[in-house]
Amino acid sequence: MAVRLGNQTIKTEKPITISSTASIVGTKESEGPLSPYFDVHMEDAEWGEDSWEKCESKMQREAAKLAVQKSGYTSDDIDIIFAGDLLNQCISSGFSARELRIPFYGLYGACSTMIEGISLAAAIIDGGGADKALAVASSHFCTAERQYRNPLEYGGQRTPTAQWTVTGAGAAVLKCGMESGDGPYITHITTGKVVDFGITDTNNMGGAMAPAACDTLLAHFADTGRKPEDYDLILTGDLGKVGREVLINLLETEDYDMRNNYNDTGCMMFDFDKQDVHAGGSGCGCVAATFCGYVYKMLKERKLNRVLIVGTGALLSPTSSFQGESVPGIAHAIAISNEL
Amino acid sequence: MPGGNNQNKDNSGYKKDYQDYIEKTSPKSPLFKDMIMAFLFGGAICVIGQAFMNLYKDVLNMDAENAKIAVSVTMVFIGALLTGLDIYPKIAKYAGAGTIVPITGFANSVASPAMEFKREGLVLGMSAKMFVVAGPVLVYGITSSVVVGFIYWLYKILIGG
Amino acid sequence: MDYLNAFWVGGLLCVIAQILIDKTKLTPARILVLYVVIGAILGGIGIYDKLVDFAGAGATVPLMGFGNVLADGVMKAVDQSGFIGIITGGTAAAAGGIAAAVFFGFLVALIFDPKAKK
């Protein structure tokens, strides 16, 4: 059974292996620097479906299927699936799971959902409630844009702090045990609190979410006794260029030096010089695809051995913004290691 | 992060500092460049409007009032068509207010949600959502006209007319 | 000459909106509302027509011109039909623009599908 460390952290007792991952991305992401690490590159925004919502659902479904297939199991072997996305009522996840026929929990953690899903999957496996679990998350530029912002053909201008929702999906199969003995394993889960410092600019998600990421990282370091330098890489989800700098500065005032081994998947997904993405990538798919593509492969190749992934989310809706509410942030962290 | 693990404490002062810090450090829109682009594109669209105005007045011999209406209709048509062809948002990315303020921008804000919500049906999608962006312009515009009309009516009665 | 005046007056009206977008928290939708209302007020006090005489399309094409059409129309209707003109005048005068937006918007939406952005 899991052990509680400090205020917010769970240390897993059983070996929780990430046995496979799968990632699917859209066209713009396929032109970005991480492109070679993704499994499936869609050729357009529809992928043969007649709406973007259906496309996003298909992305989740195909990512889930591919991850299960790569793990060598069948979908019957998977005990439970934790899935989420950005759309109202989590339709991408629900409609994708409709065809997967695996016991299903739908999650909403905004852009932190992938890490929320992996956290819960790991916790339920560690508690003995499941042997194999699947975590899936997705986002799609077009579905997010029309839900949160303007119609796609509307002629508006983006501000420099605005971020670009990643069209991408990631899926990870987690299992109990270490038969192959090669990891990587999930060792710690730090659950974040909702933190809101009163930022109301919905075009500055990085600034709104950075305090939540800071709060969770501080809790993680305090609970585990670890320091930034204990990790080969610390990754936040989608703070983007603006939030990344803010987080480094916030942690510096607490005497944590993040300059050497910290990055943000929103800053990695696109090429800032060639791609017009303003402050960087965002969305569930940003951290999901980057983790399931790039980070997992790096771990497998032992180019990285110990990483801390912090999924970040902005818990707003168009309704809350119109009512003048500020943007609450959430961040969940998982520590992954090749050794136990 | 002061107040980081002390969320129970009142840290509204720190929050204010943080908001100021974000306000100060976040990159700003390039105002001067945006102004130049808005001027050039906005001006150019008006010149196109003027060309139609001259065409309707001088060549087709319309009277001034009808020519003005015809220009509006023409510009709305062009704005809607360029929206359908996916050209308007590409220009707008650079032109900013230069493509928002002219009446072509009004057409864009009507046509773009209509296109977008077609997938939710021709009645409850496309048509119901058609004025989701441009609706306020009509509401405030027509309301202002009624207020102006009422004041003018009062003025005529009270002061003479 | 009329082209030059249309260009700089129209461009200037856009520049003012751009400054408001960049420098204040006003969203484009609010600025358009503001422009229409200002256009109606300036039309009501008879100033905007002078600008139209000077700049032609430079004053009629920006959305302030739409507000001006509404105000001009309502005052003309009050002159002609009295009290009922308060309600009918503005919308009647702006009918061209509104009907064109509805009809062409409808047509365009029927024909074209929105495209994903790069």
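The values are calculated or read from the model by the stated rules, or taken from the named source; none is laboratory data. In this text, all values refer to a predicted model and were calculated from it rather than measured experimentally. Neighbour counts are summed over all protein chains in view; Cβ atoms, including those assigned to glycine, are modelled from backbone coordinates with ideal geometry.
Filtering segment A:133-150 to residues that are within 14 Å of the chain's Cα centre (by Cα) and within 12 Å of chain C (Cβ to nearest Cβ) leaves only A:His140.
Consider segment A:230-264 and keep the residues that are over 17 Å from A:Ile309 (Cβ atoms) and charged (D, E, K, R). The one that is surrounded by the fewest Cβ atoms within 10 Å (Cβ to Cβ) is A:Asp255. Looking only at residues in segment B:111-148 that are facing chain C (nearest Cβ under 9 Å) and over 24 Å from the mean Cα position of the chain (by Cα), the one that is farthest from C:Leu70 (Cα to Cα) is B:Arg119. Whether any residue in segment A:135-145 is in contact with a Leu (Cβ under 8 Å, 6 or more places away or on another chain) and farther than 13 Å from A:Glu56 by Cβ is what I want to check. Within segment A:135-145, one or more residues are in contact with a Leu (Cβ under 8 Å, 6 or more places away or on another chain) and farther than 13 Å from A:Glu56 by Cβ. Only one entry in B:Ala51, B:Ala67, B:Ala44 is over 22 Å from C:Thr24 (Cα atoms), in contact with a Phe, Trp or Tyr (Cβ under 6 Å, 6 or more places away or on another chain) and among the aliphatic types (A, V, I, L, M), namely B:Ala67. Taking helices (runs of 4 or more DSSP H) as the structural unit, those lying wholly within segment A:213-332 and holding at least 1 residues that are assigned by TED's automatic domain parsing to the domain that holds A:Ile199 and more than 19 Å from the chain's Cα centre (by Cα) correspond to A:240-252, A:318-322.
Taking the criterion of being more than 18 Å from the chain's Cα centre (by Cα) and not in a helix (DSSP H, G or I), the residues of segment C:62-118 that qualify are C:Phe112, C:Asp113, C:Pro114, C:Lys115, C:Ala116, C:Lys117, C:Lys118.
To keep it simple, each residue is scored yes or no on (1) more than 10 Å from every other protein chain (Cβ to nearest Cβ); (2) hydrophobic (A, V, I, L, M, F, W, C); (3) closer than 23 Å to A:His41 by Cα.
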{"position": "A:Gly225", "(1), (2), (3)": "yes, no, no"}
{"position": "A:Leu233", "(1), (2), (3)": "yes, yes, no"}
{"position": "A:Glu254", "(1), (2), (3)": "no, no, no"}
{"position": "A:Gly285", "(1), (2), (3)": "yes, no, yes"}
{"position": "A:Ala289", "(1), (2), (3)": "yes, yes, yes"}
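Would you confirm whether any residue within segment B:86-95 is closer than 14 Å to C:Ile111 by Cα and at the interface with chain A (Cβ under 10 Å from one of its Cβ atoms)? Checking segment B:86-95: at least one residue is closer than 14 Å to C:Ile111 by Cα and at the interface with chain A (Cβ under 10 Å from one of its Cβ atoms).
Going by the structure shown, is B:Ile45 crowded, with 24+ Cβ neighbours inside 10 Å and in contact with a helix residue (DSSP H, G or I) (Cβ under 7 Å, 6 or more places away or on another chain)? Yes, satisfied.
Considering only segment B:113-128, state which residues are surrounded by 22 or more Cβ atoms within 10 Å (Cβ to Cβ) and either hydrophobic (A, V, I, L, M, F, W, C) or touching a strand residue (DSSP E or B) at 6+ places or on another chain (Cβ under 6 Å) (or both).
Step one: list which residues in segment B:113-128 are surrounded by 22 or more Cβ atoms within 10 Å (Cβ to Cβ), which gives B:113-117.
Hits for segment B:113-128 are B:Ala114, B:Met115, B:Phe117.
Can we say B:Val101 is closer than 19 Å to A:Glu145 by Cβ, β-branched (Val, Ile, Thr), within 14 Å of chain A (Cβ to nearest Cβ) and surrounded by 17 or more Cβ atoms within 10 Å (Cβ to Cβ)? No: the conditions fail for B:Val101. Of the residues contained in segment C:61-71, none is found to be at pLDDT 95 or above, more than 8 Å from every other protein chain (Cβ to nearest Cβ) and surrounded by fewer than 24 Cβ atoms within 10 Å (Cβ to Cβ).
Answer yes or no as to whether A:Gly198 is facing chain B (nearest Cβ under 8 Å), under 19 Å from B:Ser26 (Cα atoms) and either in a loop (DSSP other than H, G, I, E, B) or of a type outside the set (A, V, I, L, M, F, W, C) (or both).
Numbers: facing chain B (nearest Cβ under 8 Å): yes; under 19 Å from B:Ser26 (Cα atoms): yes; either in a loop (DSSP other than H, G, I, E, B) or of a type outside the set (A, V, I, L, M, F, W, C) (or both): yes.
Yes: the conditions hold for A:Gly198.
Might you let me know whether segment B:129-148 holds any residue that is modelled with pLDDT of 95 or more, of a type in the set (Phe, Trp, Tyr) and crowded, with 23+ Cβ neighbours inside 10 Å? There is no residue in segment B:129-148 that is modelled with pLDDT of 95 or more, of a type in the set (Phe, Trp, Tyr) and crowded, with 23+ Cβ neighbours inside 10 Å.
Condition (residue is of a type in the set (D, E, K, R), at negative phi, touching a Leu at 6+ places or on another chain (Cβ under 7 Å) and in the same structural domain as B:Val71 (by TED's automatic domain parsing)) applied to segment B:116-123: is it met by at least one residue? Steps first, answer last, please.
Kept after step one, since they are of a type in the set (D, E, K, R), are these residues of segment B:116-123: B:116, B:118-120.
Cutting the leftovers down to at negative phi gives us B:116, B:118-120.
In the following step, the residues that additionally are touching a Leu at 6+ places or on another chain (Cβ under 7 Å) were identified as B:116.
Filter once more, so that each one left must be in the same structural domain as B:Val71 (by TED's automatic domain parsing): B:116.
The answer is yes, given that some residue of segment B:116-123 is of a type in the set (D, E, K, R), at negative phi, touching a Leu at 6+ places or on another chain (Cβ under 7 Å) and in the same structural domain as B:Val71 (by TED's automatic domain parsing).
Please verify whether B:Ile78 is in contact (Cβ under 8 Å) with a residue 24 or more places away in the chain and surrounded by 22 or more Cβ atoms within 10 Å (Cβ to Cβ), treating the condition exactly as stated.
Criteria not met by B:Ile78.
In segment C:72-97, the residue that is farthest from C:Ala29 (Cα to Cα) out of those that are β-branched (Val, Ile, Thr) and more than 7 Å from chain B (Cβ to nearest Cβ) is C:Ile84.
Summed over segment A:151-178, the residues that are in contact with a His (Cβ under 9 Å, 6 or more places away or on another chain) and within 14 Å of chain B (Cβ to nearest Cβ) give a count of 7.
Counting only strands (runs of 3 or more DSSP E) that sit wholly inside segment A:108-192, those with at least 1 residues that are closer than 15 Å to A:Cys286 by Cβ and touching a residue at least 24 places away in the same chain (Cβ under 8 Å) are A:132-139, A:168-176.
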